[in-house]
Amino acid sequence: MGIRPRNSQNPTYEPNGTQPRRVVNNPLFENELGGLGQPRRIPNEPIRRGDNTQVPQNGAAIAQQPPLVPPGFQGQGIFDRNDLVTLIQEVCGPLARGVQTPVYKKPYPEWIDRIEMPRGFKWPTFALFSGDGSQSTVEHIARFTSQCADAGSNDYLKMRLFPNSLTDAAFTWFINLAPNSIHSWMQLEDLFHAQFF
């Protein structure tokens with residue numbers, strides 16, 4: 001026999017072996033956790049199925065238990081994850097799909113950015129190449145290499161500095177190169193000539 005509350009606003013207590021089970025019968029929580037008018041489960045209390053068998057909270061032996069099916073869906077099988085995602089997206093609209101922000105990845109390996117510049121290196125103001133045909137690619141590469149000064153002797157540093165010498169269509173071309181697709185200065189220079197020569 002359970003302990004009865006003094007009024008109907010307090011939770012009721014029901015016997016369950018040696019420990020009482022606390023159930024909240026508050027209409028404000030009617031559709032939470034239990035859903036469909038089911039009593040709301042109290043945190044840290046073992047989850048119970050309709051047949052009053054306990055389900056382990058740590059996930060052990062769940063594979064042995066029959067799957068839970070919401071009322072009204074018996075015999076229709078379990079929802080596929082993709083079906084659920086699609087349903088949520090249809091109900092909630094574009095916000096549920098998430099905003100997919102593009103992420104820029106450099107066309108050369110990440111470790112190249114960690115190479116230290118030569119001692120006393122000052123970032124030059126590079127002559128810009130736009131790809132509009134007013135300057136040849138050979139002329140731009142020659143000017144770029146001379147402006148790199150001491151860094152111009154290191155091909156990896158030239159790869160790192162090269163996008164600073166591009167603008168407009170040429171810069172757009174560079175940022176659209178596939179991530180980690182460039183592995184040497186010669187490869188980058190050849191692609192540059194092939195695109196704008």
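The values are calculated or read from the model by the stated rules, or taken from the named source; none is laboratory data. Note that the coordinates shown come from a computational prediction; the quantities given were computed from them, not determined experimentally. Backbone-built Cβ (ideal geometry, glycine too); neighbour counts: all protein chains shown.
Cβ separations smaller than 6 Å between residues 6+ apart or across chains give the following pairs from region 132-156 residues that are basic (Lys, Arg) to residues that are at pLDDT 90 or above: Arg143/Ala127. Can you name the residue in region 91-111 that is surrounded by 10 or more Cβ atoms within 10 Å (Cβ to Cβ) and modelled with pLDDT under 90 and is also nearest to His183 (Cα to Cα) among such residues? Result: Arg97. In region 116-163, the residue that is nearest to Phe174 (Cα to Cα) out of those that are among the aromatic types (Phe, Trp, Tyr) and not in a loop (DSSP other than H, G, I, E, B) is Phe162.
Within the span defined as region 169-178, every residue fails to be in contact with a His (Cβ under 8 Å, 6 or more places away or on another chain) and within 22 Å of Phe196 (Cα to Cα). The conditions of being in contact with a Pro (Cβ under 9 Å, 6 or more places away or on another chain), loosely packed, with under 14 Cβ neighbours inside 10 Å and without any contact (Cβ under 8 Å) to a residue 40 or more places away in the chain are not met by Ala194. Scanning region 158-183 for residues that are touching an Asp or Glu at 6+ places or on another chain (Cβ under 9 Å) and surrounded by fewer than 17 Cβ atoms within 10 Å (Cβ to Cβ) gives Asp168, Ala169, Asn180. Scanning region 112-157 for residues that are surrounded by 11 or more Cβ atoms within 10 Å (Cβ to Cβ), of a type in the set (Gly, Ala, Ser) and more than 37 Å from the chain's Cα centre (by Cα) yields Ala127, Ser136, Ala142, Ser146, Ala149, Gly152, Ser153.
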